[in-house]
Amino acid sequence: MSLGGDGAPVIEARALTKVYRGGVRALDGLDLLVRPGELVGFLGPNGAGKTTTVQLLIGAVRPTGGSATVLGRPAGDRLARRGLGYLPEQFQFPGFLTPPGLLDFHGRLLGLPRDERRRRAAELIRIVGLEAAADRPLKSYSKGMLQRVGLAQALLGRPALLLLDEPTSGLDPIGTRNVRDLLLWLKSQGVAVLLNSHLLSEVELVCDRVAIIDRGRVVAEGRLGEIVRPSTSVRIRAADLDEAGLAALRALSSELVAEGEGQWRAEVDSPEAVPRIAAAVVGAGARLEALVPAHETLEQAFLRLVGAAPDGAAAAGQATPGPRWGIDAEARRAGPAWGRSSEPPA
Amino acid sequence: MTTRSTAGTVLGSPLWLATRESAGRLAAIASLSAREAFRSRSLVVALVLNLLYLGLLALIGYAIANAPGAQEAADLLGETGARFFLWFALGGASALALFTGVFTSVGSIATEIERGTILAVVARPIARWEIVIGKFLGNALIAVAYLLVEGLAIAAAVGLLSGIWVTVVPLVLLLLSLNVVVMVAVAVAGSTRLSTVANAITVIVLYLALTNTAILQLIGAIVDNEGLRLLADWSRYLLPVGPVSDLATEILLGPAAAMVGGGGGGVPGREVLLPMREWVWLYELGYLGLVIALGVWSFSRRDLR
């Protein structure tokens, strides 16, 4: 049996509809496609239907219309769940368990033999950096530590598809960066990920594609470049730019606004105008110090698409991926130990 | 050779593998549920009450043994006296085990849904019926173990102190355990639909209403209304814990059961006693299966949110 390994979509939802008792329409004809190995950001305002979608995919709730398949099987099918890893937004568990105990429980539900359960639990605890606290009961853990345990349980079955609901919730910046690093590594291993997150900057950094959902429907879907509007504004910093040079810039732009000493903002028709601006500055004998096309951020695109008023704040700056929890430099290059085995995920 | 090859074929068959995996998942859910029940406040409260109850029993035993004419009474009553003491002691232990089982089970599934802990579980390749039965087994195991350990300890104490060993005690404990198991099943089934508090109230009200129909029987006898008598008699079978308790009393006390209302729903005097049917334990077994099936059906049909 193939579980998403033959190029078929790992998630395919068509006209998915869910109306709860009382008439609350959580999903209203949602279409969603995730291919093997893709990292897809699933974004939407609160109440848009993100959680309902994920709960439908794991079989916790049933659709009232449309259809959904997971790993080539109907959503909720037991065989599909075998190849699935899931991290709920609020990962809860009995507080008296230790991480190895919790992973052992989930390993038993997955039907893993005892030795395999122990081996994988030890590896995952190392990967999420909880070795030092592994003997402590979960009730003594911080929220960030619990989130790491949740990630470990989601990865336990070596899933072909990961459904992550706010995986960085409760994590500090280092933890957030480590999750991002882990996601990129999972992607390199061919694991498909549906990432439900409010941290748009994170989604922007790691996702291949983005699906934006509002009022139970996908309102925009595609690669980041297809979602955000093309650049129409260019920031220029140049020294010794004379009037002739400025005239050349005015000729290339619909509007040229001075923003300070040696700094201008030019409104252009298309991104193709950017190299022509560079040529005009250099051609005028000026020293071009910076030429920055002002892209629409994912956050701005998101706010535009869901009809919210943008506040002008841009997404957070790009952080450099850092070390993975508990993985040394060499292991980082090769990925976590269980990923280096010849056995493919799931 | 053929036998070995047949066994190998069976053990390697998809059905066998699926059964073994299913058993593994059931055991995982059951053992976690048992551990949760073992650590629950309900069990702590039950243990405290139990200690108080055992202390009370010891006091009663001491008072009886030191009362004037106790030796003459013991000689006269013989084994009947020991049986009466056991009836009293096991009845209390059974009630404590039953309520412990109910209180650890009423939120077994509802709480998991309310907290969202169920989501990580249902995302695994587990069937809904495995969750319900696993929860039932885990909670039932703790409550029954509680009853059996205490019941056998009481019987042993009575045997050692009086020299009288009542041989029907294991059978009585088996029937009382069946009652505990049924109440746990009712509580688990209820928790697939109701909130923890609503389920607790429903189960307790049902228990009190359907195990005390003797009052209705008494009224029926007084006003000579056959309809009330029939209602009192047969409504008990909506939750057959009462009739099975009566059967246990009958087995433990024999003909003397009528003195304490055994075999009659707690009303002294044969003319107003509810009829006792020996097949009721078999009926309760079927009832248990039905309740579990209803719980599985209910849980399989609901959204977990």
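Let me confirm something: among B:60, B:29, which residue is surrounded by 11 or more Cβ atoms within 10 Å (Cβ to Cβ) and over 19 Å from residue B:128 (Cβ atoms)? Walk me through it before giving the result.
Values: B:29 fails: over 19 Å from residue B:128 (Cβ atoms).
Going through B:60, B:29 in turn, the sole match is B:60.
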inquiry  = I need a count of the residues in region A:234-245 that are within 16 Å of residue A:260 (Cα to Cα) and crowded, with 16+ Cβ neighbours inside 10 Å.
reply    = 5
ask   = Which of the residues spanning region B:40-61 are at pLDDT 80 or above and more than 19 Å from the chain's Cα centre (by Cα)?
value = B:41, B:48, B:51, B:52, B:54, B:55, B:56, B:57, B:58, B:59, B:60
ask   = Tell me, which residue of region A:177-197 that is among the small types (Gly, Ala, Ser) and assigned to a loop (DSSP other than H, G, I, E, B) is surrounded by the fewest Cβ atoms within 10 Å (Cβ to Cβ)?
value = A:190
remark   = The residue that is surrounded by the most Cβ atoms within 10 Å (Cβ to Cβ), considering only those in region B:34-47 that are closer than 10 Å to residue B:139 by Cα and within 10 Å of another protein chain (Cβ to nearest Cβ), is B:36
Per-region count, region B:9-25, residues part of a helix (DSSP H, G or I), away from every other protein chain (no Cβ under 14 Å) and among the small types (Gly, Ala, Ser) = 1
Filter result (closer than 18 Å to residue A:200 by Cβ and in a strand (DSSP E or B)) within region A:154-176 = A:164, A:165
ask   = For residues in region B:48-79 being out of contact with any helix residue (DSSP H, G or I) (no Cβ under 7 Å at 6 or more places or on another chain) and β-branched (Val, Ile, Thr), which is nearest to the other protein chains (Cβ to nearest Cβ)?
value = B:48
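Being under 30 Å from residue A:25 (Cα atoms), touching a residue at least 24 places away in the same chain (Cβ under 8 Å) and among the aliphatic types (A, V, I, L, M) narrows it down to one of A:182, A:194, A:241, A:156, so name that one. Reasoning before the result, please.
Numbers: A:182 fails: under 30 Å from residue A:25 (Cα atoms); A:241 fails: under 30 Å from residue A:25 (Cα atoms); A:156 fails: under 30 Å from residue A:25 (Cα atoms).
The unique qualifying residue is A:194.
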task = Go through A:44, A:72, A:49 for me and flag whichever is farther than 22 Å from residue B:300 by Cα, surrounded by 19 or more Cβ atoms within 10 Å (Cβ to Cβ) and out of contact with any Lys or Arg (no Cβ under 9 Å at 6 or more places or on another chain).
result = A:72
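Restricting attention to region A:137-147, report how many residues are surrounded by fewer than 17 Cβ atoms within 10 Å (Cβ to Cβ) and either within 10 Å of chain B (Cβ to nearest Cβ) or outside any helix (DSSP H, G or I) (or both). Working first, answer last.
Going residue by residue through region A:137-147, those that are surrounded by fewer than 17 Cβ atoms within 10 Å (Cβ to Cβ) are A:137, A:139-140, A:142-144.
Next, from what is left, pick out any that are either within 10 Å of chain B (Cβ to nearest Cβ) or outside any helix (DSSP H, G or I) (or both): A:137, A:142.
Number of matching residues: 2.
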query = If you scan region A:76-89, which residues turn out to be without any contact (Cβ under 8 Å) to a residue 24 or more places away in the chain and within 22 Å of the chain's Cα centre (by Cα)?
reply = A:81
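Taking the conditions exactly as written (of a type in the set (S, T, N, Q) and buried (at least 17 other Cβ atoms within 10 Å of the Cβ)), does residue B:50 satisfy them or not? Walk me through it before giving the result.
Details: of a type in the set (S, T, N, Q): yes; buried (at least 17 other Cβ atoms within 10 Å of the Cβ): yes.
Here the answer is yes, as residue B:50 does meet what is asked.
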ask   = For region A:93-110, which residues satisfy the criterion of being under 19 Å from residue A:162 (Cβ atoms) and at the interface with another protein chain (Cβ under 9 Å from one of its Cβ atoms)?
value = A:93, A:106, A:107, A:109, A:110
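Counting residues that are among the charged types (D, E, K, R), which helices (runs of 4 or more DSSP H) fully inside region B:100-169 reach at least 2?
Values: elements: B:110-115, B:117-122, B:128-162.
Passing ranges, in order: B:110-115, B:128-162.
I'm trying to understand the selection: among the residues of region B:189-246, which are acidic (Asp, Glu) and modelled with pLDDT of 85 or more? Spell out the reasoning first.
At the first step, the residues of region B:189-246 found to be acidic (Asp, Glu) are B:224, B:226, B:233, B:246.
Once the filter is applied, which keeps residues that are acidic (Asp, Glu) and modelled with pLDDT of 85 or more, region B:189-246 yields B:226, B:233, B:246.
Counting residues that are in contact (Cβ under 8 Å) with a residue 40 or more places away in the chain and hydroxyl-bearing (Ser, Thr, Tyr), which helices (runs of 4 or more DSSP H) fully inside region B:179-250 reach at least 1? Spell out the reasoning first.
Values: elements: B:196-210, B:214-222, B:226-235.
Here the list reads B:196-210.
Would you be able to tell me the number of residues in region A:60-72 that are of a type outside the set (Gly, Ala, Ser) and at the interface with chain B (Cβ under 7 Å from one of its Cβ atoms)? So that I can check it myself, show each step before the final result.
Filtering region A:60-72 for residues of a type outside the set (Gly, Ala, Ser) gives A:61-64, A:69-71.
This time we only want the ones that are at the interface with chain B (Cβ under 7 Å from one of its Cβ atoms), so: A:61-62.
Total satisfying the criteria: 2.
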inquiry  = Pairs please, first residue from region B:280-291 and closer than 9 Å to residue B:243 by Cβ and in contact (Cβ under 8 Å) with a residue 40 or more places away in the chain, second anywhere and among the polar types (S, T, N, Q) and surrounded by 15 or more Cβ atoms within 10 Å (Cβ to Cβ), Cβ atoms under 9 Å, 6+ apart in sequence or on different chains.
reply    = B:284/B:179
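Just for region A:113-136: of the residues that are surrounded by 15 or more Cβ atoms within 10 Å (Cβ to Cβ) and in contact with an Asp or Glu (Cβ under 9 Å, 6 or more places away or on another chain), which one is nearest to residue A:177 (Cα to Cα)? Break it down stepwise before answering.
Restricting attention to region A:113-136, the residues satisfying the condition of being surrounded by 15 or more Cβ atoms within 10 Å (Cβ to Cβ) are A:117-130, A:133-134.
Filter once more, so that each one left must be in contact with an Asp or Glu (Cβ under 9 Å, 6 or more places away or on another chain): A:117-118, A:121-122, A:125.
On the way: A:117: 28, A:118: 27, A:121: 22, A:122: 22, A:125: 18 Å.
So, considering only residues that are surrounded by 15 or more Cβ atoms within 10 Å (Cβ to Cβ) and in contact with an Asp or Glu (Cβ under 9 Å, 6 or more places away or on another chain), the one nearest to residue A:177 (Cα to Cα) is A:125.
Name the residue that is surrounded by the fewest Cβ atoms within 10 Å (Cβ to Cβ), counting only residues in region A:95-110 that are touching a residue at least 12 places away in the same chain (Cβ under 8 Å) and under 10 Å from residue B:28 (Cα atoms). Give the derivation first.
Let us first name the residues in region A:95-110 that are touching a residue at least 12 places away in the same chain (Cβ under 8 Å), namely A:95-100, A:102-104, A:106-107, A:110.
Checking the rest, the ones that are also under 10 Å from residue B:28 (Cα atoms) come to A:104, A:106-107.
Working: A:104: 19, A:106: 24, A:107: 25.
Within region A:95-110, the match that is surrounded by the fewest Cβ atoms within 10 Å (Cβ to Cβ) is A:104.
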inquiry  = Looking at region A:198-205, can you tell me whether even one residue there is within 12 Å of the chain's Cα centre (by Cα), charged (D, E, K, R) and surrounded by 20 or more Cβ atoms within 10 Å (Cβ to Cβ)?
reply    = yes
key: Entirely in region A:244-299, the strands (runs of 3 or more DSSP E) that have 1 or more residues that are closer than 30 Å to residue A:199 by Cα   = A:263-267, A:287-293
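With the structure loaded, tell me whether residue A:75 is among the aliphatic types (A, V, I, L, M), touching a Leu at 6+ places or on another chain (Cβ under 9 Å) and within 14 Å of chain B (Cβ to nearest Cβ) or whether it fails that test. Reasoning before the result, please.
Numbers: among the aliphatic types (A, V, I, L, M): yes; touching a Leu at 6+ places or on another chain (Cβ under 9 Å): yes; within 14 Å of chain B (Cβ to nearest Cβ): yes.
Yes, satisfied.
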ask   = Can you name the residue in region B:26-42 that is in a helix (DSSP H, G or I) and among the polar types (S, T, N, Q) and, of all such residues, is farthest from residue A:98 (Cα to Cα)?
value = B:42
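The values are calculated or read from the model by the stated rules, or taken from the named source; none is laboratory data. Because the structure is a prediction, the values reported are computed rather than measured. As a convention, Cβ positions derive from the backbone with ideal geometry for all residues, glycine included, and neighbour counts pool all protein chains shown.
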